[in-house]
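The values are calculated or read from the model by the stated rules, or taken from the named source; none is laboratory data. Keep in mind that what you see is a predicted model, and the values were worked out from it rather than measured. So basically every Cβ, Gly included, is an ideal-geometry build from the backbone, and we count neighbours across all protein chains shown.
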Amino acid sequence: MPHPTRPDSPCVALCSTALGDEICMGCGRTFFEVANWVFLTDEEKEAVWQRLEAHWAVRGLPPPWLGRS
């Protein structure tokens with residue numbers, strides 16, 4: 001069952017992995033996660049989502065995908 005506050009992907013169209021960053025400055029995913037998102041299993045995606053949500057929470061910031069329209 002999809003999470004009610006999650007889009008299909010954490011992408012916020014500010015991808016810095018295309019510029020050579022190992023971690024995307026937009027969403028926080030690794031280059032591997034960005035490049036392989038469509039191939040990840042639901043369980044793998046869930047692990048990424050949980051890590052990203054924790055990443056933003058410890059910084060006191062809302063996840064950037066919540067601001068997407």
Working carefully through the options R59, R29, R51, find the one that is surrounded by fewer than 17 Cβ atoms within 10 Å (Cβ to Cβ), among the basic types (K, R) and under 10 Å from the mean Cα position of the chain (by Cα). R51
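Right, V34: assigned to a helix (DSSP H, G or I), surrounded by 17 or more Cβ atoms within 10 Å (Cβ to Cβ) and touching a Ser or Thr at 6+ places or on another chain (Cβ under 7 Å) or not?
Numbers: assigned to a helix (DSSP H, G or I): yes; surrounded by 17 or more Cβ atoms within 10 Å (Cβ to Cβ): yes; touching a Ser or Thr at 6+ places or on another chain (Cβ under 7 Å): yes.
Spelling it out, V34 is indeed assigned to a helix (DSSP H, G or I), surrounded by 17 or more Cβ atoms within 10 Å (Cβ to Cβ) and touching a Ser or Thr at 6+ places or on another chain (Cβ under 7 Å).
For residues in the stretch 10-20 being surrounded by 14 or more Cβ atoms within 10 Å (Cβ to Cβ) and part of a loop (DSSP other than H, G, I, E, B), which is modelled with the lowest pLDDT? Quick ask: steps written out before the conclusion?
Filtering the stretch 10-20 down to residues surrounded by 14 or more Cβ atoms within 10 Å (Cβ to Cβ) leaves 10-12, 15-17.
Narrowing further to those that are part of a loop (DSSP other than H, G, I, E, B): 10-12, 15-16.
Values: P10: 93, C11: 89, V12: 89, C15: 84, S16: 88.
So the residue we want is C15.
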